[in-house]
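Shown next, in structure tokens, is the structure this report addresses.
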Amino acid sequence: LAPSTAKNVLAVGCTQNALQSWDEIGQGDFTMKFAGLELFVVRGHFSPTADLIETGLVNAQPEDGCSDFTNTAQIKERIVLIERGTCFFTIKTSRAQAAGALAVIIVNNVEGDAIVMGAEDDIKIAIPAYMVSRADGASLRAKMKQSPTSVASFPHPAHDPRRHKSKDNLSDFSSRGPTQDF
């Protein structure tokens, strides 16, 4: 029996605003365009803001970007897709930066929305780093195979409809009082 369903109880509820805080830390809503796709991207907290970048996409090798890249020739002046996991976001981004990348897109390794990437260390990052959801990362990689010479462009200002859909939803663990008999 939940506390909010007991007789004569006034309970406090908890709401969730999954994406509401992005504006507060200056992340905003942005999209990336590639081969007919338009995907939401989330700028890393450590990442500088970017003017419009238009160039090709390349997958990082190794995919997690935590050790030296084996495809540095392809990375130069491109946007690099790197898989989330194993090491810090700033390490991945600094390796791409050292290889000459113009920007980094981190592909989330769990289901759900992209997150705001934090900085876990003092590495200086000079290139933009954004994250996409796991599903959007899969879509990007599929399009890259179909259209390997297509040009990606980002960041484009956008309005993310998920922000307002998630606003003030009662959390599933929350109480729901007051009861009818209060």
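Considering only residues that are under 29 Å from D122 (Cβ atoms), in a loop (DSSP other than H, G, I, E, B) and not polar (S, T, N, Q), look in region 53-67 and name the one that is most open to solvent (accessible area, probe 1.4 Å).
Among them, the one singled out is E63.
Considering every residue within region 154-174, establish whether at least one is in contact with a Cys (Cβ under 8 Å, 6 or more places away or on another chain), at pLDDT below 85, open to solvent by 60 Å² or more (accessible area, probe 1.4 Å) and part of a loop (DSSP other than H, G, I, E, B).
Within region 154-174, one or more residues are in contact with a Cys (Cβ under 8 Å, 6 or more places away or on another chain), at pLDDT below 85, open to solvent by 60 Å² or more (accessible area, probe 1.4 Å) and part of a loop (DSSP other than H, G, I, E, B).
From (1) part of a loop (DSSP other than H, G, I, E, B); (2) touching a residue at least 24 places away in the same chain (Cβ under 8 Å), pick out the condition that doesn't hold for A96.
Among (1) part of a loop (DSSP other than H, G, I, E, B); (2) touching a residue at least 24 places away in the same chain (Cβ under 8 Å), the lone unmet condition for A96 is (1).
If you check every pair at least six apart or on different chains, which have Cβ atoms under 8 Å apart with a residue in region 36-64 that is under 16 Å from R134 (Cα atoms) first and a residue that is aromatic (F, W, Y) and part of a loop (DSSP other than H, G, I, E, B) second?
Partner pairs satisfying both residue conditions: A60/F69.
What residue, of A142, A119, is under 21 Å from G56 (Cβ atoms), open to solvent by 40 Å² or more (accessible area, probe 1.4 Å) and among the aliphatic types (A, V, I, L, M)?
Residue meeting the stated conditions: A142.
So which residues in region 98-116 are over 20 Å from T72 (Cα atoms), open to solvent by less than 20 Å² (accessible area, probe 1.4 Å) and small (G, A, S)?
Scanning region 98-116 gives a single hit, A114.
For region 111-147, what are the residues that are among the hydroxyl-bearing types (S, T, Y) and either part of a helix (DSSP H, G or I) or touching a Gly at 6+ places or on another chain (Cβ under 8 Å) (or both)?
The answer is Y130, S133, S139.
Determine which member of the set R78, R84, R95, R43 is open to solvent by 10 Å² or more (accessible area, probe 1.4 Å), modelled with pLDDT of 95 or more and within 14 Å of the chain's Cα centre (by Cα).
Of the residues listed, the single one that is open to solvent by 10 Å² or more (accessible area, probe 1.4 Å), modelled with pLDDT of 95 or more and within 14 Å of the chain's Cα centre (by Cα) is R84.
The values are calculated or read from the model by the stated rules, or taken from the named source; none is laboratory data. Computed from a prediction, not measured in an experiment: that's the story for all the values here. Quick reminder, even Gly has a Cβ in these numbers, built from the backbone with ideal geometry, and neighbours come from all protein chains shown. Only protein heavy atoms, including side chains, enter the accessible area calculation; ligands, DNA and RNA are left aside. Shrake-Rupley method; radii C 1.70, N 1.55, O 1.52, S 1.80 Å.
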